[in-house]
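The values are calculated or read from the model by the stated rules, or taken from the named source; none is laboratory data. Since the structure is predicted, the reported quantities are computational estimates derived from the model, not experimental observations. Cβ sites come from the backbone with ideal geometry, for glycine too, and all protein chains shown count toward neighbours. For the accessible areas, the whole protein counts, side chains as well, though only heavy atoms, and no ligand, DNA or RNA atoms are used. Shrake-Rupley method; radii C 1.70, N 1.55, O 1.52, S 1.80 Å.
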Amino acid sequence: QVQLVESGGGLVQPGGSLRLSCAASRSIFSGYAMAWFRQAPEKQREFVARIIRGGSANYADSVKGRFTISSDNAKNTVYLQMNSLKPEDTAVYYCAYETTLGRTSWGQGTQVTVSS
């Protein structure tokens, strides 16, 4: 099973930016897609962004125009650039490796806190 390691989380003020990274133990597109999810305290895990083999991307409505998912295939790494951060973006962010069979591998998560 693929191993995923997220990094880049931290504390940032509203309006600030962070870039999350997800390093994978194999080619990120040996599967179907890479994605980011997040989970706030006492909330369900929710979809944030996905980049599909071939390069297309999609986003949750709540982050459109603010977040950008990208990949560096040579480095087996996926990124999530987060701009104009809001307090409601506070959550643990998880990297996901998705297969065409519907299986998902998860990273350990990285905490993002947006607060004044």
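Output the number of residues of segment 71-96 satisfying the condition of being open to solvent by 10 Å² or more (accessible area, probe 1.4 Å) and under 28 Å from GLN1 (Cβ atoms). Working first, answer last.
The first filter runs over segment 71-96 and keeps only residues open to solvent by 10 Å² or more (accessible area, probe 1.4 Å), leaving 71-77, 79, 81, 83-84, 86-88, 90, 92, 94.
When the remaining residues are screened for being under 28 Å from GLN1 (Cβ atoms), the result is 71-77, 79, 81, 92, 94.
Count: 11.
Take segment 33-51 and flag every residue that is more than 18 Å from LEU85 (Cα to Cα) and surrounded by 15 or more Cβ atoms within 10 Å (Cβ to Cβ).
Kept after step one, since they are more than 18 Å from LEU85 (Cα to Cα), are these residues of segment 33-51: 33-35, 42-45, 50-51.
Passing the criteria: ALA33, MET34, ALA35, ARG45, ARG50, ILE51.
Given ARG26, ARG38, ARG45, ARG53, which one is among the basic types (Lys, Arg) and closer than 13 Å to THR110 by Cα?
Just a single option satisfies the conditions, and that option is ARG38.
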So, ALA96, is that one part of a helix (DSSP H, G or I) and under 22 Å from GLY54 (Cα atoms) or not? no
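Based on what the data block shows, is SER84 closer than 18 Å to GLY10 by Cα and assigned to a loop (DSSP other than H, G, I, E, B)? Quick ask: steps written out before the conclusion?
On the way: closer than 18 Å to GLY10 by Cα: yes; assigned to a loop (DSSP other than H, G, I, E, B): yes.
Yes: the conditions hold for SER84.
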Please enumerate the residues belonging to segment 11-27 that are in a strand (DSSP E or B) and over 12 Å from LEU85 (Cα atoms). LEU20, SER21, CYS22, ALA23, ALA24
Evaluation of SER30 against (1) surrounded by fewer than 18 Cβ atoms within 10 Å (Cβ to Cβ); (2) part of a loop (DSSP other than H, G, I, E, B); (3) touching a residue at least 60 places away in the same chain (Cβ under 8 Å) (one fails), failing number: (3)
Residues located in segment 33-55, provided they are basic (Lys, Arg) and in a strand (DSSP E or B): ARG38, ARG50
Can you name the residue in segment 56-70 that is open to solvent by less than 50 Å² (accessible area, probe 1.4 Å) and in a loop (DSSP other than H, G, I, E, B) and, of all such residues, is farthest from CYS95 (Cα to Cα)? ARG66
Is there any pair with a first residue in segment 53-66 that is at pLDDT 95 or above and a second that is hydroxyl-bearing (Ser, Thr, Tyr) whose Cβ atoms are under 6 Å apart and which are 6 or more apart or on different chains, and what are they? ARG66/SER84
